[in-house]
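The values are calculated or read from the model by the stated rules, or taken from the named source; none is laboratory data. Only a predicted model underlies this, so the values are computations on that prediction, with no experimental measurement involved. Cβ atoms come from the backbone with ideal geometry, glycine included; neighbour counts cover every protein chain shown.
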Amino acid sequence: MMKALLILLLSIVSIIRADVQSINALKISPMGSVNGGLIIDGTDYRINFLGRSEVQGTTRRFDWPGIQIRLRISNTSFLDVLLQSAGFYEIIVDNQPINSIQMNSQDFTRIASNLDPNTWHNIEIYKKNEAELTSVRPYISLYILIPQVATLKSVRIADQGKFGRFISSKRRIEFVGDSITCGYGVIPPSVPCSGNGPNGAWESAFDNYVRMTATDLAADVTRVSWSGRGMVQNCCGLPPPVMPTLYNQTLGTDAKSKWNFKSWVPQAVVINLGTNDHNGNPAPSLDTFAAGYTQFIKDLRARYANVTVFTLCGGMVEGAFCDAVSKVSSANGAHYVNIPALTSNQMGCDGHPNTYGNRVMADLLVDLISKKMRWPILSRVGSHGPIEFIDRPMNDLPNGLISASSPADCQNRCFARSDCQVWAFDTCGTRCWLKSAASTGVPSICRASAPSLLAQEL
């Protein structure tokens, strides 16, 4: 009798424990119907979150640019999010950008509507601003930058809606940089923009070289970047911290938040720092700069054992500092990309690259990453239209065989000639064929081609 009673008591305890675990699970990931919608909290596993963030209760806090909130949904015609943030976000539905909005509501914001409920949809919410440009308030003649942290609280779809799994890429790249990597100045209201005060509407992490690189290589990317920061010294008298210090943080605005480097391990890291060191007040010595750069590469390899490091310099700065980056890269097994000086039509706000300037940067970087990582380029949109990795034989122009550095360079050369209707490029070499007419595309190794955008417009 006592044995039976003991077994009964143990069974009751097990049931209570199971119920408590179920309740705790619901607290971690609640799902309910509120105001006619199905809601999950901001930390739910069905939300694919790309980028550094801090979990606080059932919410997720973040501030770095380029953060992506990704969902896969069906059986619903809409998607709402409760996202407390003053920043700008690009909304992408099934790989198509549909809207750019500024989040400033304390209630749900409708992100997507008129969705076909009978099919699955991939939705991406892409953070376009760095923390310091999410809120800019004019005060007399000054502009006060107010760093802000965004908080994802919950997501809502229709009552009968379903959440699926958003598939992440197996290719992972991390970017470390300054305002160029943030996307500052990509969308200028006018040129020059100086004197109008910094504005989050001018900055777009979605329209810059980082996102272009991710698209071309079908890779997942994260970025740790902040305007004005340098490798060993910040720009223009800006006080510390410098980027290697900020790099250790989960939130750029919180020095106490420490990032867990094991939580997301990239195969490649791209460093784009040096412009602000060059513009320091005063600039550091080249030896100091090189020593700091070398140490940062060593620290990266200590955190990510098998990482491949790529470095960029140029565009807004030339000369000794870029030479130093090149030498440090060579000495430490990193792969260097020199960015040509920006031309007038490649500049946005305050001398920063616009979308065209960013496209030039992305083309150079994508080609190098593709070769060194042995990642085929799965898709590409050049400065003058799509690039397809097939051949288009015949119809060569007289003297139409020239040399080019990349598919994008070959495309640019075709676009510059009114008699060029189609181009083809040897991706295993430097040959570029300019053609007078289109032919049927055929699969071929070592080839990229496309009709000229100019020809399509005509």
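Would you confirm whether or not the range 366-375 contains a residue that is outside the structural domain of D216 (by TED's automatic domain parsing), buried (at least 20 other Cβ atoms within 10 Å of the Cβ) and either of a type in the set (S, T, N, Q) or assigned to a helix (DSSP H, G or I) (or both)?
No, the range 366-375 has no match at all.
Which numbered condition in (1) surrounded by fewer than 21 Cβ atoms within 10 Å (Cβ to Cβ); (2) in contact with a helix residue (DSSP H, G or I) (Cβ under 6 Å, 6 or more places away or on another chain); (3) among the polar types (S, T, N, Q); (4) outside the structural domain of T311 (by TED's automatic domain parsing) is the only one that S406 fails?
Here S406 clears every test but (1).
Going by the structure shown, is G429 surrounded by 20 or more Cβ atoms within 10 Å (Cβ to Cβ), at pLDDT below 80 and of a type outside the set (S, T, N, Q)?
So G429 does not fit the description; no.
Does P97 meet the test of being surrounded by fewer than 17 Cβ atoms within 10 Å (Cβ to Cβ), over 23 Å from the mean Cα position of the chain (by Cα), more than 30 Å from F261 (Cβ to Cβ) and at pLDDT below 95?
Considered against the rule, which asks whether it is surrounded by fewer than 17 Cβ atoms within 10 Å (Cβ to Cβ), over 23 Å from the mean Cα position of the chain (by Cα), more than 30 Å from F261 (Cβ to Cβ) and at pLDDT below 95, P97 comes out as no.
Which residue pairs have Cβ atoms under 6 Å apart, sit 6 or more places apart or on different chains, and have a first residue in the range 326-345 that is in the same structural domain as V366 (by TED's automatic domain parsing) and farther than 19 Å from D287 by Cα and a second that is basic (K, R) and loosely packed, with under 15 Cβ neighbours inside 10 Å?
Sorted first by the residue in the range 326-345, then by its partner, the pairs are H335/K372.
Counting only residues that are of a type in the set (A, V, I, L, M) and over 30 Å from L217 (Cβ atoms), which one in the range 150-181 is surrounded by the most Cβ atoms within 10 Å (Cβ to Cβ)?
I157
Here is a check on your reading of the model: is K262 more than 24 Å from D367 (Cβ to Cβ), in a loop (DSSP other than H, G, I, E, B) and among the charged types (D, E, K, R)?
Here the answer is yes, as K262 does meet what is asked.
I need the full set of residues from the range 223-275 which are crowded, with 21+ Cβ neighbours inside 10 Å, farther than 18 Å from C182 by Cβ and of a type in the set (A, V, I, L, M, F, W, C), in order please.
Passing the criteria: V232, A268.
Which number in (1) touching a residue at least 24 places away in the same chain (Cβ under 8 Å); (2) among the acidic types (D, E); (3) over 18 Å from R52 (Cβ atoms) marks the one condition that D254 misses?
Evaluating D254 over (1) touching a residue at least 24 places away in the same chain (Cβ under 8 Å); (2) among the acidic types (D, E); (3) over 18 Å from R52 (Cβ atoms) leaves (3) as the failure.
Take residues that are more than 19 Å from S168 (Cα to Cα) and tell me which of the strands (runs of 3 or more DSSP E) falling wholly in the range 51-92 contain 2 or more.
In the range 51-92, 54-56, 59-62, 79-84 are the strands (runs of 3 or more DSSP E) which contain 2 or more residues that are more than 19 Å from S168 (Cα to Cα).
Report, by residue number, each residue of the range 414-448 that is within 34 Å of the chain's Cα centre (by Cα) and free of Cβ contacts under 8 Å to residues at least 24 places away in the same chain.
A416, R417, D426, C428, G429, I445, C446
List the number of the failed condition for I125; all other conditions in (1) more than 30 Å from V317 (Cβ to Cβ); (2) surrounded by fewer than 24 Cβ atoms within 10 Å (Cβ to Cβ); (3) at pLDDT 95 or above hold.
Condition (2) is where I125 drops out.
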